[in-house]
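Below is one structure, written out as structure tokens; the observations come after it.
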Amino acid sequence: MSTTSLPTDLPSDLPTPLPSGAIIGIFGGGQLGRMLAQSATKLGYRTHVYDSLADTPASRVSDFETVAPYEDLKAIITFAKSCDVVTYEFENIPIAAVKEAQKHVSVYPDAKALETSHDRLIEKTFLRDTATVPVAKFHAVETMSALTNALTDFGGPSVLKTRRFGYDGKGQVKISDEKDVKGGFARLGGADLIAEDFVPFVREFSIIAARAQDGTIASYPMTENVHKDHRLHTSIAPANDPQNVKENAHAIAERILDALSYIGVMGIEFFELENGKLIVNEIAPRVHNSGHWTQNAGCTDQFEQHIRAITGLPLGDTVPIQTVLMTNLIGEEIKNIKTIAQRPDTFVHDYDKHDIRAGRKMGHVNEILGKF
Ligand SMILES: Nc1ncnc2c1ncn2[C@@H]1O[C@H](COP(=O)(O)OP(=O)(O)OP(=O)(O)O)[C@@H](O)[C@H]1O
Ligand SMILES: [Mg+2]
């Protein structure tokens, strides 16, 4: 483990909202952690990033850095004790690390939110049975015969997914007919899978919502999302709402946040059907790629909103003053950023990742499409 020299004024119990200078711990050193740290700094807080790698996009803009594996509970304890509140920027942190940290400091969103979203089967079951929101039919798949039964139940195509560690469409295959069944099952490891009914959506959108420590909820307008190569490509907000589904979408989002007694920002992904019916696809207990447009929309951005929620500050305004199109810069596309920056009404965000790799999110662009 390596840690930059920690502050000498280690915190005792601080009041809520946390005062300036308080230290926000962030598990994860990626771009979401970086943008959280930048917003925390703007609000007068200091940040401490924990990652298994050194010199990450987030740690390069943070006050303190711990480099240690997530399994190193001693390092987790030292980290937790040096922070006034801890949050995370990705879901695949071992639960044990978060639970250990929680013994020493408040962690928001708490381990329950993380546990729920770690595993698609637990997540879908929670959404259907506890939050009582609409989800696609699904079945746990541990054997070929369970998969065959699931397909019979759906009576049509299915998306077979690994229960854990999926992102950007990794760990999933579409099963359209008989001949895909065996290969798809084997390709995903043949165990710990979930089969979902294929949803014939007309579009995908998300709601970014925040819940404060006093239970207040503030949601941003619907964001329409377009994927390319199974990865989020563009988000546009506020989205058109021809089927007038926004009230339903916001009510569903609130039910999910309340059911988890959630604190912080959450991304909720929806499918919209031709008849206006909504299906929740998945939730992300963190700031979300489809919320990056908020940075240049003239309202409180999602990163500041998350910091506000976890430090006990009141939530900020979520009403944009302009329509924003966010486009991810993937791999080599980052090389165009200086040219893109010359366009009017365009804001560029570069994550300062040192290795350009195919498929890697390197930055994003927010383009103002029109002011209200
Ligand atoms: N049941 C389904 N029916 C139809 N399309 C689906 C279904 N499940 C997933 N998809 C498609 O695959 C995409 C990725 O699925 P999902 O969001 O579950 O996985 P992910 O790997 O967590 O993706 P991401 O990291 O981009 O959110 C969805 O945005 C959607 O386009
Ligand atoms: Mg998704």
* Asked: Given the residues S176, S235, which is the only one that is out of contact with any Lys or Arg (no Cβ under 9 Å at 6 or more places or on another chain), more than 26 Å from Q295 (Cβ to Cβ) and within 16 Å of ligand 1 (Cβ to nearest atom)?
  -> S176
* To do: Quick one: N149 ticks every box in (1) farther than 19 Å from F271 by Cα; (2) in contact with a His (Cβ under 9 Å, 6 or more places away or on another chain); (3) touching a residue at least 40 places away in the same chain (Cβ under 8 Å) except a single one, so which number is it?
  => (3)
* Any chance you could count how many residues in segment 54-76 are more than 11 Å from I26 (Cβ to Cβ) and aromatic (F, W, Y)? => 1
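Within segment 225-235, can one find any residue that is under 26 Å from A212 (Cβ atoms), buried (at least 16 other Cβ atoms within 10 Å of the Cβ), under 18 Å from the mean Cα position of the chain (by Cα) and away from ligand 2 (no atom under 16 Å from the Cβ)?
Here is the first cut: in segment 225-235, the ones under 26 Å from A212 (Cβ atoms) are 225, 235.
With the extra rule that they be buried (at least 16 other Cβ atoms within 10 Å of the Cβ), the set shrinks to 225, 235.
Applying the additional criterion that residues be under 18 Å from the mean Cα position of the chain (by Cα) yields 225, 235.
Okay, now just the ones that are also away from ligand 2 (no atom under 16 Å from the Cβ), so none.
No, segment 225-235 contains no residue that is under 26 Å from A212 (Cβ atoms), buried (at least 16 other Cβ atoms within 10 Å of the Cβ), under 18 Å from the mean Cα position of the chain (by Cα) and away from ligand 2 (no atom under 16 Å from the Cβ).
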* Asked: Going through segment 151-169 one residue at a time, which ones are more than 17 Å from F185 (Cα to Cα) and within 8 Å of ligand 1 (Cβ to nearest atom)?
  -> Y167, D168
* **Residue in segment 96-116 that is surrounded by 15 or more Cβ atoms within 10 Å (Cβ to Cβ), assigned by TED's automatic domain parsing to the domain that holds L73, more than 11 Å from ligand 1 (Cβ to nearest atom) and among the basic types (K, R) present** => yes
* Go through F198, F185 for me and flag whichever is among the aromatic types (F, W, Y) and away from ligand 2 (no atom under 16 Å from the Cβ). => F185
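Residue-wise test of (1) within 21 Å of R231 (Cβ to Cβ); (2) away from ligand 1 (no atom under 16 Å from the Cβ); (3) in contact (Cβ under 8 Å) with a residue 24 or more places away in the chain; (4) among the hydrophobic types (A, V, I, L, M, F, W, C).
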position	(1), (2), (3), (4)
V280	yes, no, yes, yes
V287	yes, no, yes, yes
S290	yes, no, yes, no
T300	no, yes, no, no
R308	no, yes, yes, no
T311	no, yes, yes, no
T323	no, yes, yes, no
N328	yes, no, yes, no
E332	yes, yes, yes, no
* Please determine, by comparing only the residues of segment 186-207 that are among the charged types (D, E, K, R) and not in a loop (DSSP other than H, G, I, E, B), which one is farthest from ligand 1 (Cβ to nearest atom). => R187
* When you look at K174, is it exposed (fewer than 14 other Cβ atoms within 10 Å of the Cβ), within 22 Å of the chain's Cα centre (by Cα) and within 15 Å of ligand 2 (Cβ to nearest atom), yes or no? -> no
* Asked: Are there any pairs with C-beta distances below 9 angstrom linking a residue in segment 343-358 that is assigned by TED's automatic domain parsing to the domain that holds Q295 to a residue that is of a type in the set (K, R), with the two at least 6 apart or on different chains, and if so which?
  -> V348/K338; Y351/R34; Y351/K361; D352/R34; D352/R60; K353/R360; K353/K361; I356/K335
* Asked: On the given criteria, is G264 in the same structural domain as I236 (by TED's automatic domain parsing) and either closer than 28 Å to D197 by Cβ or surrounded by fewer than 21 Cβ atoms within 10 Å (Cβ to Cβ) (or both)?
  -> no
* Selection count, segment 63-77, where residues are surrounded by fewer than 18 Cβ atoms within 10 Å (Cβ to Cβ) and under 27 Å from S20 (Cα atoms) -> 1
* Asked: Taking segment 143-171, which residues are touching a Leu at 6+ places or on another chain (Cβ under 8 Å), at pLDDT 95 or above and either within 16 Å of ligand 2 (Cβ to nearest atom) or more than 16 Å from K124 (Cα to Cα) (or both)?
  -> L147, L160, K161, T162, R163
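The values are calculated or read from the model by the stated rules, or taken from the named source; none is laboratory data. Just so we're clear, the structure is a prediction, and the values are computed from it rather than from any experiment. Methodologically, a virtual Cβ is constructed for each residue, glycine included, from the backbone with ideal geometry; neighbour enumeration extends over all protein chains shown.
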